[in-house]
1. Hey, if we sort LYS318, LYS423, LYS116, LYS125 by accessible area with the 1.4 Å probe, largest down, what's the order?
2. In the full protein assembly as shown, how much of LEU124 is accessible to a 1.4 Å probe, in Å² to the nearest 10?
3. Which residues' amide hydrogens lie under 5 Å from the amide hydrogen of ARG460, considering only partners 5 or more residues apart or on another chain, with H built in the peptide plane?
4. In a Debye calculation with equal point scatterers on the alpha-carbon sites of the range 262-363 and no solvent, what is log10 I(q)/I(0) at q = 0.16, 0.19, 0.22 Å⁻¹?
5. Go through LYS49, LYS375 and list them by solvent-accessible area, largest first, probe radius 1.4 Å.
6. For every other residue with a beta carbon closer than 13 angstrom to the beta carbon of THR132, add +1 if it is Lys or Arg and -1 if Asp or Glu, then tell me the sum.
7. Protein chains only, probe 1.4 Å: how do SER323, SER450 rank by accessible area, largest first?
8. Roughly how much of ARG110 is accessible, in Å² to the nearest 10, using a 1.4 Å probe?
Amino acid sequence: MSETIRRLANGSSFIALQDKINFLKETYPTNSCDSNLGRLCELTEITSKIQSQLFTAMSLTASEGGTYGGVDTLKSRLLPWLGAGFMTSGAGVTSDTSLALIQESVEKDRKISDLKSQHNEEMLKLETELSTTQGELDATRDELNSSQAELEKTKVESGGTMLASEEEIILLRSDLRLARDEVARYKAQLDLVGDYERQIDRLRDEISLLRSEKDILESRLLRRPCSSSPPARSLSPPRRRCRSPDLIDRPLPLPPSSPTHAELTNSIRHSRLVARFNDLYAVNRLDMQDRLRRFVDDDEMIKRIIFIAVCESFHVAKMAYRSFRLRARKLLSPIHSGPGSLEEAVTDYIVRNLDLYDVDRSVEDVIRAMNVNPKISFPPECEFILLSPFIREVCKVAYSMQALDPTLDIPLATDGELMSESKYRRSYDSEFTAPLVAFHVWPALMEDHSVLIKGECVTRRGALSSPRRSRSPSPLRSSSRLSRSSLSPRRSRSPSPRSRRY
(Lines give C-alpha, C1' and ligand atoms only; values in the text may rest on other atoms or scores of the structure.)
Protein backbone atom coordinates (compact mmCIF):
# COMPACT_ATOMS: atom_id res chain seq x y z
CA MET A 1 0.00 0.00 0.00
CA SER A 2 2.74 2.45 0.91
CA GLU A 3 4.38 1.87 -2.49
CA THR A 4 1.14 2.78 -4.28
CA ILE A 5 0.80 6.05 -2.33
CA ARG A 6 4.48 6.88 -2.92
CA ARG A 7 4.08 6.28 -6.66
CA LEU A 8 0.99 8.46 -6.74
CA ALA A 9 2.80 11.28 -4.92
CA ASN A 10 5.92 11.07 -7.09
CA GLY A 11 3.89 11.02 -10.30
CA SER A 12 2.60 14.57 -9.66
CA SER A 13 -0.70 13.70 -11.33
CA PHE A 14 -2.60 16.28 -9.36
CA ILE A 15 -0.02 18.98 -10.27
CA ALA A 16 -0.32 18.13 -13.96
CA LEU A 17 -4.12 18.14 -13.66
CA GLN A 18 -4.06 21.62 -12.02
CA ASP A 19 -1.69 22.99 -14.67
CA LYS A 20 -3.95 21.77 -17.45
CA ILE A 21 -7.00 23.25 -15.78
CA ASN A 22 -5.21 26.66 -15.43
CA PHE A 23 -4.12 26.54 -19.06
CA LEU A 24 -7.67 25.72 -20.17
CA LYS A 25 -8.98 28.63 -18.12
CA GLU A 26 -6.59 31.06 -19.77
CA THR A 27 -7.15 29.82 -23.33
CA TYR A 28 -10.84 29.04 -23.05
CA PRO A 29 -12.16 32.33 -24.60
CA THR A 30 -9.85 32.02 -27.62
CA ASN A 31 -10.24 28.27 -28.30
CA SER A 32 -12.96 26.67 -30.36
CA CYS A 33 -15.71 24.51 -28.91
CA ASP A 34 -14.13 21.24 -30.12
CA SER A 35 -10.78 22.22 -28.70
CA ASN A 36 -12.27 23.04 -25.32
CA LEU A 37 -14.23 19.75 -25.26
CA GLY A 38 -11.10 17.83 -26.20
CA ARG A 39 -9.20 19.39 -23.35
CA LEU A 40 -12.03 18.65 -20.96
CA CYS A 41 -12.02 14.98 -22.11
CA GLU A 42 -8.29 14.92 -21.51
CA LEU A 43 -8.86 16.22 -18.00
CA THR A 44 -11.53 13.51 -17.51
CA GLU A 45 -9.09 10.81 -18.65
CA ILE A 46 -6.43 12.09 -16.25
CA THR A 47 -9.03 12.18 -13.49
CA SER A 48 -10.09 8.59 -14.23
CA LYS A 49 -6.48 7.47 -14.10
CA ILE A 50 -6.05 9.18 -10.78
CA GLN A 51 -9.35 7.68 -9.52
CA SER A 52 -8.18 4.21 -10.66
CA GLN A 53 -5.02 4.59 -8.64
CA LEU A 54 -7.01 5.84 -5.68
CA PHE A 55 -9.44 2.91 -5.87
CA THR A 56 -6.44 0.53 -5.97
CA ALA A 57 -5.04 2.24 -2.91
CA MET A 58 -8.45 2.01 -1.20
CA SER A 59 -8.69 -1.76 -1.97
CA LEU A 60 -5.20 -2.41 -0.63
CA THR A 61 -5.91 -0.34 2.47
CA ALA A 62 -9.17 -2.21 3.11
CA SER A 63 -7.44 -5.62 2.67
CA GLU A 64 -4.86 -4.63 5.26
CA GLY A 65 -7.70 -4.15 7.75
CA GLY A 66 -8.96 -7.72 7.38
CA THR A 67 -12.20 -9.15 5.96
CA TYR A 68 -14.37 -6.33 7.26
CA GLY A 69 -11.74 -3.63 7.45
CA GLY A 70 -13.04 -0.20 6.45
CA VAL A 71 -16.60 -1.35 5.85
CA ASP A 72 -18.18 1.40 7.91
CA THR A 73 -16.17 4.11 6.21
CA LEU A 74 -16.97 2.83 2.72
CA LYS A 75 -20.66 2.64 3.56
CA SER A 76 -20.84 6.12 5.03
CA ARG A 77 -18.78 7.99 2.46
CA LEU A 78 -18.03 6.09 -0.75
CA LEU A 79 -21.37 4.34 -1.47
CA PRO A 80 -23.53 7.52 -1.16
CA TRP A 81 -21.22 9.37 -3.54
CA LEU A 82 -21.21 6.48 -6.09
CA GLY A 83 -25.00 6.16 -5.86
CA ALA A 84 -25.54 9.83 -6.81
CA GLY A 85 -23.66 9.29 -10.07
CA PHE A 86 -20.60 11.43 -9.20
CA MET A 87 -22.72 14.60 -9.22
CA THR A 88 -24.39 15.05 -5.88
CA SER A 89 -23.60 14.04 -2.35
CA GLY A 90 -26.03 12.44 0.05
CA ALA A 91 -26.86 13.45 3.52
CA GLY A 92 -23.97 11.52 4.92
CA VAL A 93 -21.22 13.15 2.80
CA THR A 94 -19.12 15.63 4.78
CA SER A 95 -17.81 19.05 3.58
CA ASP A 96 -14.29 17.82 3.01
CA THR A 97 -15.16 15.39 0.16
CA SER A 98 -14.03 15.79 -3.45
CA LEU A 99 -17.45 17.20 -4.49
CA ALA A 100 -16.99 20.15 -2.10
CA LEU A 101 -13.61 20.81 -3.63
CA ILE A 102 -15.18 20.76 -7.11
CA GLN A 103 -17.86 23.22 -6.07
CA GLU A 104 -15.21 25.51 -4.55
CA SER A 105 -13.32 25.35 -7.81
CA VAL A 106 -16.46 26.29 -9.73
CA GLU A 107 -17.02 29.25 -7.40
CA LYS A 108 -13.45 30.43 -7.92
CA ASP A 109 -13.89 30.16 -11.68
CA ARG A 110 -16.99 32.32 -11.45
CA LYS A 111 -15.19 34.95 -9.39
CA ILE A 112 -12.29 34.90 -11.83
CA SER A 113 -14.67 35.43 -14.74
CA ASP A 114 -16.28 38.34 -12.88
CA LEU A 115 -12.89 39.90 -12.21
CA LYS A 116 -11.96 39.40 -15.83
CA SER A 117 -15.10 41.16 -17.01
CA GLN A 118 -14.43 44.01 -14.61
CA HIS A 119 -10.87 44.19 -15.88
CA ASN A 120 -12.07 44.37 -19.45
CA GLU A 121 -14.47 47.18 -18.56
CA GLU A 122 -11.70 49.10 -16.81
CA MET A 123 -9.44 48.61 -19.81
CA LEU A 124 -12.14 50.01 -22.06
CA LYS A 125 -12.51 53.03 -19.78
CA LEU A 126 -8.74 53.58 -19.73
CA GLU A 127 -8.57 53.35 -23.50
CA THR A 128 -11.35 55.92 -23.73
CA GLU A 129 -9.55 58.24 -21.33
CA LEU A 130 -6.29 57.71 -23.21
CA SER A 131 -7.89 58.68 -26.48
CA THR A 132 -9.41 61.78 -24.85
CA THR A 133 -6.03 62.76 -23.35
CA GLN A 134 -4.37 62.19 -26.70
CA GLY A 135 -6.85 64.57 -28.30
CA GLU A 136 -6.19 67.22 -25.62
CA LEU A 137 -2.44 66.77 -26.10
CA ASP A 138 -2.81 67.34 -29.82
CA ALA A 139 -4.83 70.48 -29.16
CA THR A 140 -2.21 71.75 -26.72
CA ARG A 141 0.54 71.04 -29.24
CA ASP A 142 -1.34 73.06 -31.83
CA GLU A 143 -1.71 75.95 -29.39
CA LEU A 144 2.01 75.77 -28.57
CA ASN A 145 2.90 75.92 -32.24
CA SER A 146 0.64 78.93 -32.72
CA SER A 147 2.16 80.63 -29.67
CA GLN A 148 5.65 79.94 -31.01
CA ALA A 149 4.69 81.50 -34.30
CA GLU A 150 3.30 84.58 -32.52
CA LEU A 151 6.48 84.81 -30.42
CA GLU A 152 8.65 84.75 -33.52
CA LYS A 153 6.48 87.42 -35.07
CA THR A 154 6.73 89.58 -31.93
CA LYS A 155 10.49 89.05 -31.83
CA VAL A 156 10.82 90.22 -35.39
CA GLU A 157 8.65 93.26 -34.67
CA SER A 158 10.56 94.15 -31.49
CA GLY A 159 13.87 93.93 -33.32
CA GLY A 160 13.05 97.17 -35.09
CA THR A 161 12.21 99.00 -31.86
CA MET A 162 15.34 97.76 -30.11
CA LEU A 163 17.54 100.17 -32.02
CA ALA A 164 15.35 103.06 -30.96
CA SER A 165 15.48 101.84 -27.36
CA GLU A 166 19.29 101.75 -27.47
CA GLU A 167 19.36 105.34 -28.69
CA GLU A 168 17.03 106.33 -25.87
CA ILE A 169 19.27 104.53 -23.38
CA ILE A 170 22.29 106.41 -24.68
CA LEU A 171 20.43 109.71 -24.31
CA LEU A 172 19.32 108.80 -20.82
CA ARG A 173 22.88 107.90 -19.85
CA SER A 174 24.16 111.22 -21.11
CA ASP A 175 21.42 113.00 -19.15
CA LEU A 176 22.36 110.98 -16.06
CA ARG A 177 26.02 111.92 -16.49
CA LEU A 178 25.10 115.59 -16.77
CA ALA A 179 22.87 115.32 -13.72
CA ARG A 180 25.69 113.72 -11.71
CA ASP A 181 28.09 116.46 -12.76
CA GLU A 182 25.55 119.06 -11.70
CA VAL A 183 25.06 117.31 -8.35
CA ALA A 184 28.83 117.20 -7.81
CA ARG A 185 29.03 120.91 -8.61
CA TYR A 186 26.25 121.70 -6.19
CA LYS A 187 27.89 119.53 -3.56
CA ALA A 188 31.16 121.40 -4.00
CA GLN A 189 29.29 124.65 -3.61
CA LEU A 190 27.66 123.33 -0.44
CA ASP A 191 31.09 122.37 0.88
CA LEU A 192 32.32 125.86 0.15
CA VAL A 193 29.29 127.28 1.94
CA GLY A 194 30.06 125.05 4.90
CA ASP A 195 33.69 126.25 4.90
CA TYR A 196 32.49 129.83 4.77
CA GLU A 197 30.15 129.21 7.68
CA ARG A 198 32.97 127.69 9.72
CA GLN A 199 35.20 130.64 8.89
CA ILE A 200 32.40 133.02 9.88
CA ASP A 201 31.97 131.21 13.19
CA ARG A 202 35.71 131.34 13.80
CA LEU A 203 35.81 135.06 12.99
CA ARG A 204 32.88 135.66 15.30
CA ASP A 205 34.71 133.86 18.09
CA GLU A 206 37.81 135.93 17.45
CA ILE A 207 35.74 139.12 17.43
CA SER A 208 34.16 138.21 20.75
CA LEU A 209 37.59 137.44 22.17
CA LEU A 210 38.97 140.74 20.93
CA ARG A 211 36.03 142.57 22.41
CA SER A 212 36.60 140.87 25.73
CA GLU A 213 40.30 141.83 25.53
CA LYS A 214 39.31 145.39 24.76
CA ASP A 215 36.92 145.51 27.71
CA ILE A 216 39.59 144.12 30.02
CA LEU A 217 42.15 146.66 28.82
CA GLU A 218 39.72 149.55 29.16
CA SER A 219 38.72 148.48 32.64
CA ARG A 220 42.36 148.20 33.68
CA LEU A 221 43.16 151.62 32.20
CA LEU A 222 40.26 153.16 34.07
CA ARG A 223 41.31 151.50 37.33
CA ARG A 224 45.00 152.49 36.92
CA PRO A 225 45.96 154.54 40.02
CA CYS A 226 47.84 157.83 39.82
CA SER A 227 49.64 158.89 43.01
CA SER A 228 50.71 162.37 41.82
CA SER A 229 47.20 163.86 41.52
CA PRO A 230 45.71 165.68 44.53
CA PRO A 231 42.26 164.68 45.79
CA ALA A 232 40.80 168.18 45.47
CA ARG A 233 41.33 168.24 41.69
CA SER A 234 39.53 165.01 40.97
CA LEU A 235 37.38 166.66 38.32
CA SER A 236 40.33 167.66 36.16
CA PRO A 237 41.21 165.74 32.97
CA PRO A 238 43.04 162.51 33.62
CA ARG A 239 46.08 163.37 31.50
CA ARG A 240 46.85 166.59 33.38
CA ARG A 241 46.04 164.98 36.70
CA CYS A 242 48.37 162.08 36.12
CA ARG A 243 51.44 164.00 35.01
CA SER A 244 53.64 166.34 36.98
CA PRO A 245 55.60 169.18 35.30
CA ASP A 246 58.89 167.33 35.58
CA LEU A 247 57.49 164.11 34.01
CA ILE A 248 55.82 165.61 30.94
CA ASP A 249 58.39 164.16 28.52
CA ARG A 250 58.41 160.72 30.14
CA PRO A 251 56.22 157.95 28.64
CA LEU A 252 53.27 156.61 30.55
CA PRO A 253 53.88 153.39 32.52
CA LEU A 254 52.73 150.23 30.76
CA PRO A 255 49.54 148.67 32.03
CA PRO A 256 49.62 145.21 33.61
CA SER A 257 49.95 142.32 31.18
CA SER A 258 46.63 141.36 29.61
CA PRO A 259 45.58 137.77 28.84
CA THR A 260 46.88 136.51 25.52
CA HIS A 261 44.77 134.96 22.77
CA ALA A 262 45.95 131.50 23.81
CA GLU A 263 44.88 132.05 27.42
CA LEU A 264 41.49 133.45 26.44
CA THR A 265 40.70 130.57 24.06
CA ASN A 266 42.20 127.78 26.15
CA SER A 267 38.92 126.53 27.65
CA ILE A 268 37.10 126.70 24.30
CA ARG A 269 39.86 124.81 22.51
CA HIS A 270 40.00 122.29 25.34
CA SER A 271 36.31 121.42 25.10
CA ARG A 272 36.42 121.24 21.30
CA LEU A 273 39.46 118.96 21.25
CA VAL A 274 37.94 116.63 23.87
CA ALA A 275 34.75 116.40 21.82
CA ARG A 276 36.80 115.78 18.66
CA PHE A 277 38.75 113.02 20.43
CA ASN A 278 35.44 111.34 21.31
CA ASP A 279 34.30 111.65 17.68
CA LEU A 280 37.51 110.00 16.50
CA TYR A 281 36.73 107.03 18.73
CA ALA A 282 32.99 106.79 18.05
CA VAL A 283 32.86 107.62 14.33
CA ASN A 284 36.20 107.74 12.53
CA ARG A 285 37.54 104.60 14.18
CA LEU A 286 34.49 102.53 13.20
CA ASP A 287 34.61 103.83 9.62
CA MET A 288 38.28 102.88 9.38
CA GLN A 289 37.52 99.39 10.77
CA ASP A 290 34.92 98.88 8.04
CA ARG A 291 37.44 99.95 5.41
CA LEU A 292 40.19 97.66 6.73
CA ARG A 293 37.86 94.64 6.88
CA ARG A 294 37.92 94.58 3.07
CA PHE A 295 41.62 93.69 3.18
CA VAL A 296 42.28 92.13 6.62
CA ASP A 297 40.23 89.19 7.95
CA ASP A 298 41.60 89.24 11.50
CA ASP A 299 39.55 91.67 13.64
CA GLU A 300 42.25 91.73 16.32
CA MET A 301 44.86 92.82 13.79
CA ILE A 302 42.56 95.63 12.59
CA LYS A 303 42.23 96.96 16.14
CA ARG A 304 45.98 96.75 16.67
CA ILE A 305 46.62 98.67 13.44
CA ILE A 306 44.27 101.51 14.45
CA PHE A 307 45.66 101.73 17.98
CA ILE A 308 49.27 101.87 16.78
CA ALA A 309 48.28 104.48 14.18
CA VAL A 310 46.84 106.66 16.98
CA CYS A 311 49.95 106.24 19.16
CA GLU A 312 52.31 107.02 16.29
CA SER A 313 50.20 110.02 15.28
CA PHE A 314 50.41 111.48 18.80
CA HIS A 315 54.15 110.90 18.90
CA VAL A 316 54.82 112.47 15.49
CA ALA A 317 52.48 115.40 16.20
CA LYS A 318 54.24 116.12 19.49
CA MET A 319 57.63 116.02 17.82
CA ALA A 320 56.38 118.39 15.12
CA TYR A 321 54.95 120.75 17.77
CA ARG A 322 58.24 120.72 19.62
CA SER A 323 60.17 121.49 16.44
CA PHE A 324 57.78 124.31 15.49
CA ARG A 325 58.03 125.76 18.99
CA LEU A 326 61.82 125.83 18.80
CA ARG A 327 61.69 127.65 15.47
CA ALA A 328 59.09 130.13 16.79
CA ARG A 329 61.21 130.88 19.88
CA LYS A 330 64.26 131.39 17.70
CA LEU A 331 62.39 133.84 15.49
CA LEU A 332 60.64 135.77 18.29
CA SER A 333 63.50 136.07 20.75
CA PRO A 334 65.30 138.95 18.91
CA ILE A 335 62.15 141.05 18.50
CA HIS A 336 60.18 140.23 21.63
CA SER A 337 59.27 143.15 23.86
CA GLY A 338 56.25 143.55 26.06
CA PRO A 339 54.76 142.84 29.41
CA GLY A 340 54.38 139.09 28.72
CA SER A 341 57.14 136.52 28.76
CA LEU A 342 58.74 135.02 25.68
CA GLU A 343 57.12 131.64 26.29
CA GLU A 344 53.68 133.22 26.43
CA ALA A 345 54.36 135.02 23.17
CA VAL A 346 55.57 131.80 21.54
CA THR A 347 52.46 129.92 22.73
CA ASP A 348 50.19 132.69 21.49
CA TYR A 349 51.96 132.69 18.14
CA ILE A 350 51.50 128.90 17.78
CA VAL A 351 47.82 129.08 18.72
CA ARG A 352 47.21 131.82 16.14
CA ASN A 353 49.01 129.81 13.46
CA LEU A 354 47.81 126.26 14.02
CA ASP A 355 46.99 126.02 10.32
CA LEU A 356 50.72 126.20 9.51
CA TYR A 357 51.19 122.67 10.84
CA ASP A 358 52.69 120.46 8.11
CA VAL A 359 50.28 117.57 8.61
CA ASP A 360 51.20 115.85 5.33
CA ARG A 361 54.75 115.31 6.50
CA SER A 362 53.49 113.91 9.81
CA VAL A 363 51.23 111.46 7.94
CA GLU A 364 54.25 110.24 5.97
CA ASP A 365 56.26 109.79 9.17
CA VAL A 366 53.43 107.82 10.80
CA ILE A 367 53.06 105.51 7.79
CA ARG A 368 56.83 105.01 7.69
CA ALA A 369 56.85 104.04 11.37
CA MET A 370 53.92 101.63 10.91
CA ASN A 371 55.70 99.89 8.02
CA VAL A 372 58.57 98.87 10.33
CA ASN A 373 56.41 98.04 13.35
CA PRO A 374 56.77 94.28 14.13
CA LYS A 375 53.35 94.00 15.84
CA ILE A 376 51.19 94.68 12.81
CA SER A 377 51.07 93.40 9.26
CA PHE A 378 49.15 94.23 6.13
CA PRO A 379 48.39 92.34 2.90
CA PRO A 380 51.17 92.80 0.33
CA GLU A 381 48.75 94.20 -2.24
CA CYS A 382 47.77 97.08 0.10
CA GLU A 383 49.59 99.80 2.01
CA PHE A 384 49.05 101.74 5.20
CA ILE A 385 48.33 104.78 3.08
CA LEU A 386 44.70 103.67 3.28
CA LEU A 387 44.70 105.09 6.80
CA SER A 388 45.87 108.53 5.66
CA PRO A 389 42.54 110.38 6.28
CA PHE A 390 42.26 108.92 9.78
CA ILE A 391 45.93 109.61 10.60
CA ARG A 392 45.57 113.18 9.34
CA GLU A 393 42.67 113.89 11.71
CA VAL A 394 44.45 112.30 14.70
CA CYS A 395 47.63 114.31 13.99
CA LYS A 396 45.66 117.57 13.87
CA VAL A 397 43.96 116.82 17.18
CA ALA A 398 47.21 115.72 18.84
CA TYR A 399 49.06 118.82 17.59
CA SER A 400 46.33 121.16 18.84
CA MET A 401 46.29 119.41 22.23
CA GLN A 402 49.96 120.36 22.75
CA ALA A 403 49.03 124.05 22.60
CA LEU A 404 46.66 123.74 25.58
CA ASP A 405 47.53 124.65 29.14
CA PRO A 406 47.80 122.05 30.57
CA THR A 407 48.44 119.80 27.58
CA LEU A 408 46.44 116.68 26.77
CA ASP A 409 48.28 113.44 26.11
CA ILE A 410 47.84 109.66 25.89
CA PRO A 411 49.57 107.32 28.35
CA LEU A 412 52.19 104.72 27.65
CA ALA A 413 50.58 101.38 26.71
CA THR A 414 52.14 97.92 26.65
CA ASP A 415 50.65 94.55 25.80
CA GLY A 416 50.46 92.28 28.83
CA GLU A 417 50.31 95.09 31.38
CA LEU A 418 48.07 94.94 34.42
CA MET A 419 44.53 96.07 33.70
CA SER A 420 43.83 99.53 35.20
CA GLU A 421 40.16 100.24 35.82
CA SER A 422 40.91 103.96 36.10
CA LYS A 423 42.45 104.16 32.60
CA TYR A 424 40.64 101.58 30.50
CA ARG A 425 37.36 99.79 30.19
CA ARG A 426 37.12 96.25 28.87
CA SER A 427 35.70 95.58 25.42
CA TYR A 428 32.66 93.36 24.95
CA ASP A 429 34.74 90.35 23.84
CA SER A 430 37.11 90.46 26.84
CA GLU A 431 37.46 87.94 29.61
CA PHE A 432 36.31 90.06 32.54
CA THR A 433 38.16 87.94 35.10
CA ALA A 434 41.51 88.20 33.31
CA PRO A 435 43.92 90.63 35.05
CA LEU A 436 46.26 91.31 32.09
CA VAL A 437 45.73 93.30 28.90
CA ALA A 438 46.03 91.26 25.71
CA PHE A 439 45.99 94.32 23.40
CA HIS A 440 44.65 97.87 23.37
CA VAL A 441 41.80 99.17 21.23
CA TRP A 442 41.88 102.91 22.02
CA PRO A 443 44.17 104.98 24.26
CA ALA A 444 43.08 106.97 27.28
CA LEU A 445 43.27 110.78 27.37
CA MET A 446 45.34 112.24 30.22
CA GLU A 447 45.52 115.73 31.72
CA ASP A 448 48.09 116.46 34.44
CA HIS A 449 48.56 112.72 35.13
CA SER A 450 44.82 112.29 35.65
CA VAL A 451 42.52 110.35 33.34
CA LEU A 452 40.15 112.63 31.46
CA ILE A 453 38.63 110.00 29.13
CA LYS A 454 38.99 106.25 29.57
CA GLY A 455 40.41 104.11 26.80
CA GLU A 456 39.43 100.61 25.74
CA CYS A 457 41.36 97.34 25.90
CA VAL A 458 40.88 93.58 25.58
CA THR A 459 41.75 91.36 28.54
CA ARG A 460 42.33 87.66 28.12
CA ARG A 461 43.90 84.93 30.14
CA GLY A 462 47.31 83.83 28.99
CA ALA A 463 48.43 87.32 27.88
CA LEU A 464 52.20 87.80 27.95
CA SER A 465 53.42 89.41 31.13
CA SER A 466 56.40 91.13 29.44
CA PRO A 467 55.61 91.82 25.79
CA ARG A 468 57.39 94.27 23.60
CA ARG A 469 56.62 97.86 24.46
CA SER A 470 54.56 99.89 22.05
CA ARG A 471 55.81 103.19 20.76
CA SER A 472 55.90 105.80 23.47
CA PRO A 473 53.77 108.87 22.87
CA SER A 474 56.27 111.04 24.74
CA PRO A 475 58.04 113.61 22.53
CA LEU A 476 61.24 113.26 24.60
CA ARG A 477 62.01 109.91 23.03
CA SER A 478 64.79 109.95 20.48
CA SER A 479 63.54 109.13 17.03
CA SER A 480 65.42 108.58 13.85
CA ARG A 481 62.36 109.49 11.85
CA LEU A 482 62.83 113.20 12.66
CA SER A 483 65.60 114.21 10.30
CA ARG A 484 67.41 117.51 10.12
CA SER A 485 65.20 118.58 7.27
CA SER A 486 62.35 119.02 9.78
CA LEU A 487 64.27 121.96 11.28
CA SER A 488 65.32 123.49 7.99
CA PRO A 489 63.56 126.66 6.78
CA ARG A 490 62.94 125.08 3.38
CA ARG A 491 60.24 122.74 4.73
CA SER A 492 58.95 125.19 7.30
CA ARG A 493 55.68 126.94 6.59
CA SER A 494 56.05 129.34 9.46
CA PRO A 495 55.75 132.99 8.41
CA SER A 496 57.72 135.80 9.95
CA PRO A 497 56.43 136.85 13.34
CA ARG A 498 56.50 140.45 12.24
CA SER A 499 53.48 139.81 10.04
CA ARG A 500 51.30 138.79 13.00
CA ARG A 501 49.79 140.85 15.77
CA TYR A 502 49.50 139.46 19.29
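The values are calculated or read from the model by the stated rules, or taken from the named source; none is laboratory data. Model, not experiment: these values are computed from the prediction. Note that we place each Cβ from the backbone using ideal geometry, even for glycine, and neighbour counts take in every protein chain shown. The area values use the complete protein model at the heavy-atom level, side chains included, leaving out ligands, DNA and RNA. Shrake-Rupley method; radii C 1.70, N 1.55, O 1.52, S 1.80 Å.
1. On the way: LYS318 5, LYS423 65, LYS116 95, LYS125 135 Å².
Order by accessible area, largest first: LYS125, LYS116, LYS423, LYS318.
2. Approximately 110 Å² of LEU124 is accessible to the 1.4 Å probe.
3. Amide H neighbours of ARG460: GLU431, LEU436, ALA438.
4. Values returned for q = 0.16, 0.19, 0.22 Å⁻¹ are -0.86, -1.05, -1.23.
5. Details: LYS49 135, LYS375 45 Å².
Result of the area sort, largest leading: LYS49, LYS375.
6. Values: positive: LYS125; negative: GLU127, GLU129, GLU136, ASP138.
Local net charge: -3.
7. Sorted descending by solvent-accessible area, the residues read SER450, SER323.
8. 110
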